[in-house]
Amino acid sequence: MESRNLPVIAVVGPTGTGKSDLAIALAQRLGGEIVNADALQFYRGMDIGTAKLAMEQRGGIQHHLMDIMDLREEASVAQFQFQARECFAQIFSRGKVPVLVGGSGLYVRAALDVIDFPPTDPAVRTRLEHEVQRDGEQTLRDHLARIDPVSAARKLDLRRAIRAVEVFEISGRPFSSYMPERKYVQPAIQLGLNLDRASLHERLAQRVHLMDAQGLANEVRQLIPRGLREGKTSSRAIGYQQYLDFIDGHISRAEAIEQTIVATRQFARRQITWFNADDRVTWFDPSEDGMIERALEHLRQATSNS
């Protein structure tokens with residue numbers, strides 16, 4: 001296969017399944033560059049807890065959209081969409097193939113699919129929050145039912161209900177009208193990695209213990225003066241939240257490890273649910289022999305039939 005004949009390749013699935021290793025192998029074989037779609041790997045310094053590959057582990061492959069944000073910044077899906085598509089265009093212009101890799105489902109869809117993101121206005125949102133405090137939640141929900149019955153019927157939590165009213169006030173369009181289609185903005189192929197539940201759970205537990213041994217607690221300590229506590233996204237990241245509690249003396253190190261394992265397993269389950277809902281994903285078991293060759297053969301067949 002020649003890279004100029006290939007679409008965007010996306011390697012997706014739950015955490016801990018070896019997505020980065022497959023992406024690097026494919027990029028090496030196909031002449032590609034990697035675009036990160038793990039939202040937590042955007043953050044500088046969040047290395048151990050996000051399983052971010054060190055430079056010497058990246059197989060000589062150029063990686064994009066890693067270490068691009070400070071801890072206090074809040075990740076934006078809309079901004080990522082623009083950045084990822086710019087990366088795709090630049091990689092294609094060099095005669096190479098973009099390999100998108102990550103388990104942040106919404107970010108993957110933002111990069112690949114036709115999605116029109118609803119506008120936002122903090123001033124409108126703040127006003128609506130004050131109105132809820134003054135008039136009560138039901139008044140807002142009654143208003144939402146009038147302007148966007150589809151969203152109202154979804155029984156959104158209060159934060160999302162306020163967001164739906166905010167979007168209508170800014171754009172004049174119902175929040176529900178922004179629901180994305182499963183339609184690629186440009187040709188793409190998604191390869192999914194997953195294991196049976198017992199194997200995945202065991203692998204995730206081993207991974208958390210390895211992160212602890214590699215010095216996750218020290219990493220968290222070093223990130224505190226850089227703004228870890230103040231970051232809305234970074235401070236809530238799995239592992240970092242638990243180890244902040246450990247450092248603050250609220251839980252023991254063993255409890256931090258166990259809580260991180262549980263939270264990681266729950267996150268993996270949500271990832272599986274998200275990607276399973278997309279029938280465009282072709283799944284592979286990374287524990288089986290010859291996975292790289294099987295993935296390459298699938299790409300050959302998919303591109304020859306397109």
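Note on the stretch 257-292: residues that are among the charged types (D, E, K, R), surrounded by 11 or more Cβ atoms within 10 Å (Cβ to Cβ) and out of contact with any Phe, Trp or Tyr (no Cβ under 9 Å at 6 or more places or on another chain) total 6. Among the residues making up the stretch 173-204, a single one is small (Gly, Ala, Ser), touching a helix residue (DSSP H, G or I) at 6+ places or on another chain (Cβ under 8 Å) and free of Cβ contacts under 8 Å to residues at least 60 places away in the same chain: Ser176. For the stretch 34-70, the set of residues classified as over 23 Å from Leu191 (Cα atoms) and surrounded by 23 or more Cβ atoms within 10 Å (Cβ to Cβ) consists of Tyr43, Met46, Gly49, listed by residue number.
Just wondering, is there one or more residues in the stretch 83-90 that are closer than 17 Å to Pro7 by Cα, buried (at least 19 other Cβ atoms within 10 Å of the Cβ) and touching an Asp or Glu at 6+ places or on another chain (Cβ under 7 Å)? Checked the stretch 83-90: no residue is closer than 17 Å to Pro7 by Cα, buried (at least 19 other Cβ atoms within 10 Å of the Cβ) and touching an Asp or Glu at 6+ places or on another chain (Cβ under 7 Å). Considering (1) touching a residue at least 24 places away in the same chain (Cβ under 8 Å); (2) surrounded by fewer than 17 Cβ atoms within 10 Å (Cβ to Cβ); (3) more than 14 Å from Val185 (Cβ to Cβ), the lone condition that Asp116 does not fulfil carries the number (3). Being within 30 Å of Leu296 (Cβ to Cβ), surrounded by 18 or more Cβ atoms within 10 Å (Cβ to Cβ) and not aromatic (Phe, Trp, Tyr) is a property that Ile189 has.
On inspection, Ile238 fails the criterion of being part of a helix (DSSP H, G or I) and at pLDDT 95 or above. All of (1) assigned to a helix (DSSP H, G or I); (2) outside the structural domain of Val8 (by TED's automatic domain parsing) hold for Ala205 with one exception: (2).
Is it the case that some residue within the stretch 233-248 is exposed (fewer than 14 other Cβ atoms within 10 Å of the Cβ) and touching a residue at least 12 places away in the same chain (Cβ under 8 Å)? Checked the stretch 233-248: no residue is exposed (fewer than 14 other Cβ atoms within 10 Å of the Cβ) and touching a residue at least 12 places away in the same chain (Cβ under 8 Å). Filtering the stretch 79-90 to residues that are free of Cβ contacts under 8 Å to residues at least 60 places away in the same chain and not aromatic (Phe, Trp, Tyr) leaves Gln79, Gln81, Gln83, Ala84, Glu86, Cys87, Ala89, Gln90.
When we screen Leu156, Leu106 for residues that are within 30 Å of Leu53 (Cα to Cα), modelled with pLDDT under 95 and out of contact with any Ser or Thr (no Cβ under 8 Å at 6 or more places or on another chain), the only hit is Leu106.
Filtering the stretch 254-293 to residues that are assigned to a helix (DSSP H, G or I) and either of a type in the set (Asp, Glu) or in contact with a strand residue (DSSP E or B) (Cβ under 6 Å, 6 or more places away or on another chain) (or both) leaves Glu255, Glu258, Phe275, Met291, Glu293. The residues of the stretch 241-253 that are of a type in the set (D, E, K, R) and not in a helix (DSSP H, G or I) amount to a single one, Asp248. Among the residues of the stretch 31-74, those identified as more than 17 Å from Val101 (Cα to Cα) and either assigned to a helix (DSSP H, G or I) or in contact with a strand residue (DSSP E or B) (Cβ under 9 Å, 6 or more places away or on another chain) (or both) are Arg44, Glu56, Met69, Asp70, Leu71, Glu73. You will find that of Ser93, Ser76, Ser104, the residue that is assigned by TED's automatic domain parsing to the domain that holds Val11 and in contact (Cβ under 8 Å) with a residue 40 or more places away in the chain is Ser104 and no other. When Val132 is tested against (1) surrounded by fewer than 15 Cβ atoms within 10 Å (Cβ to Cβ); (2) in the same structural domain as Lys155 (by TED's automatic domain parsing); (3) touching a residue at least 24 places away in the same chain (Cβ under 8 Å), only condition (1) is not met.
Answer yes or no as to whether Arg160 is over 20 Å from Ala277 (Cβ atoms), outside the structural domain of Val99 (by TED's automatic domain parsing) and part of a helix (DSSP H, G or I). No: the conditions fail for Arg160.
The values are calculated or read from the model by the stated rules, or taken from the named source; none is laboratory data. The structure presented is a predicted model; accordingly, all values stated were derived computationally and were not measured. Glycine gets a Cβ as well: all are built from the backbone with ideal geometry, and neighbour counts include every protein chain shown.
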